[in-house]
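Shown next, in structure tokens, is the structure this report addresses.
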Amino acid sequence: MGYIPPGNINLTLAQLTINRGMRQAWSFILAFSCVEVLFTFGMMRFARWVSSDVDIDSSVNSVRISTFVDAFMIVLLLVMATVTWKNKDKAHQPKATEESRKGSVLLGLALGVLNPVQIPFWLFFGNYVILHEWINTNYLSLVIFSFGSGLGSALALYAYAHFARYIQEKFALSSMLINKSIAIFLYILAIYLVVKQVVIYLR
């Protein structure tokens with residue numbers, strides 16, 4: 001569910017799908033989902049430790065964590081939006097070579113690792129579901145839960161990739177127009193995070 005709202009991950013995938021095709025999108029999705037599985041398992045194990053040994057209310061300042069995460073996301077969104085905007089005229093449909101597949105895999109791995117939103121999400125959500133005993137915390141249960149998380153992210157990202165292809169074919173939109181739209185939306189997300197932090201600071 002976390003990947004349903006538009007964000008840097010699914011918009012990057014949409015751009016990749018339009019510019020390079022579904023094969024490249026699948027390489028990205030599989031690589032990203034593998035990182036998601038490992039990340040989820042690690043963070044759920046950490047959340048289990050936190051729920052049993054650490055008093056979150058006294059040890060973790062959620063506002064401070066949110067500020068650091070938002071600051072990182074602002075920089076990441078601005079960089080991705082700028083790169084997308086600069087390359088808007090270079091959109092093309094290259095052949096699915098081994099090198100381009102590796103590029104899509106590396107992009108998926110990189111964005112899977114450089115996705116700081118996962119940390120506070122799994123830290124607090126993981127702690128919440130563990131404290132409410134919605135899941136077991138033994139290794140087998142967490143492995144199954146983590147694979148479910150990876151499968152869910154893969155399905156959500158595939159839906160974005162398929163929808164991007166459908167929109168392009170249905171309305172005959174140019175890659176340049178779509179790339180521009182994605183870049184503008186990423187800029188808007190960055191501005192929203194800046195305004196959010198200003199409002200929090202002024203309070």
Ordering 156-169, 23-36, 134-147 by per-residue average of other C-beta atoms within 10 angstrom, highest first, gives 23-36, 156-169, 134-147
Once all protein chains are kept in place, residue 155 shows an accessible area at probe 1.4 Å, nearest 10 Å², of 110 Å²
Taking only protein heavy atoms and a 1.4 Å probe, the highest-to-lowest accessible-area order of 189, 38, 78 is 38, 78, 189
Per-residue accessible area, 1.4 Å probe, largest first, puts 12, 67 in the order 67, 12
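The values are calculated or read from the model by the stated rules, or taken from the named source; none is laboratory data. Small disclaimer: the values here were computed from a predicted structure and weren't measured. Cβ atoms come from the backbone with ideal geometry, glycine included; neighbour counts cover every protein chain shown. The area values use the complete protein model at the heavy-atom level, side chains included, leaving out ligands, DNA and RNA. Shrake-Rupley method; radii C 1.70, N 1.55, O 1.52, S 1.80 Å.
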